[in-house]
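The values are calculated or read from the model by the stated rules, or taken from the named source; none is laboratory data. Keep in mind it's a predicted model, so treat the numbers as computed, not measured. We place every Cβ from the backbone using ideal geometry, glycine too, and count neighbours over all the protein chains shown. To get the accessible areas, we keep the full protein, side chains included, count just its heavy atoms, and leave off ligands, DNA and RNA. Shrake-Rupley method; radii C 1.70, N 1.55, O 1.52, S 1.80 Å.
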Amino acid sequence: MSVVEAAYREHRGPLLATLVAELRSFDLAEEALQDAFAAATGQWPGEGVPRRPAAWLLSVARRRAADRRRREETLTRYLPLLITSPGQASERDDSLALLFACCHPALGRESRVALTLRFVAGLTVPEIARLFLVPDATMAARITRAKQKIRTAGIPLRFPSPQDLPERLTGVLSVLYLLFTEGYRSYRDELAAEAIRLVRLLPGAPETTSLLALMLLQHSRRHSRRRDGRLVLLADQDRTGWNALEIAEALTLLAVDAPDGPYRLQALIAARHAVAERAEDTDWAAIAALYAQLEAVTGSPVVRLNRAVAVGESEGPEAALRLLDGLDARLPRNHHLPAARGEMLRRLGDAEAAREQFERAAELAPTDTERDFLIKKAG
Amino acid sequence: MKYALLMYSVEKSWAEADEATREQVYAAHGRFSELLRERDAERGGEELALSNTATTVRVRDGEPLLTDGPYAETAEQLGGFYLVEARDLDEALEFARQLATVEDIIEVRPVVEHPAA
């Protein structure tokens, strides 16, 4: 990686946040920062990297923004500017203000995620488009519309008021968790790491802490969950490859009295896996009990499916099959349901019924890797 | 920034409301106006007569065409509006949430402010 690329990765997000807050315009901030990185690409290799790269980039971006504004003055004079709080100083405050603006409930859910990825995590439009499997132009249009709404509707670039904070924080957490799971699902560790960085910026509240723990626990397995480009199931992962520091931090975060919200319960489940030295040491009864709690809180059929799998480990296949009954109507296209049922039937020795279920699962599988895996199981 | 708070309600229930209910609703609007004045946010507003008194004008083939009734026949109809001054959308939404305890639906729309020529 070149020095400019390294600087881009490290500083782009915070610099963009600072510039958006100062210039009160998304577009101008993006363009000015782009200019600054272009200047760095031209100058650093020959003249050497400045002593404080971030400060260098910021001052170049400010100058370029001033140039652009002068050139475009007549065009932009009547455009509304973003509303910011005066005197907002630190980089952390700017990043937080930008994060809360991007996750504002007045924006649609898809727009929130796209804006956060673009302006807080610093992904490019084509990268975001690929993540959501839409054409670049569609994603570009979505982001442009969302920026327009922020500007025209007066969505402020500031930390929410105390009475709005709890609701707004919940919204931000769900966007950040989505960002994390997108990174996790697509094996983009740096995206998952960015989500973790952003959660760390947020003010400490029980669900924030729990979400951080949950992310750390999942992230700690990143080097073991793939081998030669293939998915490795939790039971088959090399546990010595799990990041012990991250697990330790997560366990510390969870070792406090806190209400059992959805993130905390999920984190406690992940923690049970993290502390099992070998797969066969897993405390499935405890995990099944946590899933039962989580199901009571969320009412989610996917949680019930996971609970059934845990019960299959702790109590046996009959109990698991009973929990799976009645889920078909609620999860008609989910391949994990027939796969779980097939596994339980196989354990009961009913090879014929198991095969039927695995075939059904293979039909529904969304990726080739999973389909191949299930076809092999069906035999 | 200036925002319009557009109030939509199920008209039928307002048309059929008894005197006591109407008084309560008007009193609630009085308190809301008072709140706006305290915050120096009130910039105007009106109650509209029921939509069955509306007349809609369109141009068809170059001729103005009049129809009896509102533009859209829906259960909820625009029943009135406030114009408020707010520092940003968050403050405008705070006003809207207050108002939503009185009326069914509040649509918050930023007002386009044209620069003085």
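Summary table
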quantity: Elements of type helices (runs of 4 or more DSSP H) in segment A:1-77, at least 1 residues being in contact with a Lys or Arg (Cβ under 8 Å, 6 or more places away or on another chain); calculated: A:3-23, A:26-47, A:73-76
quantity: Selection from segment B:1-33 of residues that are in contact with an Asp or Glu (Cβ under 9 Å, 6 or more places away or on another chain) and over 29 Å from residue B:73 (Cα atoms); calculated: B:1, B:33
quantity: Residue within segment A:329-347 that is surrounded by fewer than 20 Cβ atoms within 10 Å (Cβ to Cβ), hydrophobic (A, V, I, L, M, F, W, C), in contact with a helix residue (DSSP H, G or I) (Cβ under 6 Å, 6 or more places away or on another chain) and part of a helix (DSSP H, G or I) present; calculated: no
quantity: All positions within segment A:147-193 that are of a type in the set (A, V, I, L, M) and touching a residue at least 40 places away in the same chain (Cβ under 8 Å); calculated: A:150, A:153, A:155, A:157, A:172, A:173, A:175, A:176, A:178, A:179, A:191
quantity: Residue within segment A:136-150 that is away from every other protein chain (no Cβ under 14 Å), farther than 30 Å from residue B:3 by Cβ and not hydroxyl-bearing (Ser, Thr, Tyr) present; calculated: yes
quantity: Answer residue from segment A:168-188, given it is open to solvent by 20 Å² or more (accessible area, probe 1.4 Å) and at pLDDT below 90 and is farthest from the other protein chains (Cβ to nearest Cβ) among those; calculated: A:187
quantity: Residue count for segment B:1-36, restricted to those that are within 14 Å of another protein chain (Cβ to nearest Cβ) and β-branched (Val, Ile, Thr); calculated: 0
quantity: Members of segment B:15-32 found to be of a type in the set (Asp, Glu) and surrounded by fewer than 11 Cβ atoms within 10 Å (Cβ to Cβ), listed by number; calculated: B:16, B:18, B:19
quantity: Residue in segment A:111-125 that is in contact with a Gly (Cβ under 6 Å, 6 or more places away or on another chain) and not aliphatic (A, V, I, L, M) present; calculated: yes
quantity: Filter result (within 7 Å of another protein chain (Cβ to nearest Cβ) and of a type in the set (Gly, Ala, Ser)) within segment B:80-91; calculated: none
quantity: Every residue from segment A:237-293 that is of a type in the set (Asp, Glu), touching a residue at least 24 places away in the same chain (Cβ under 8 Å) and assigned to a helix (DSSP H, G or I); calculated: A:246, A:249
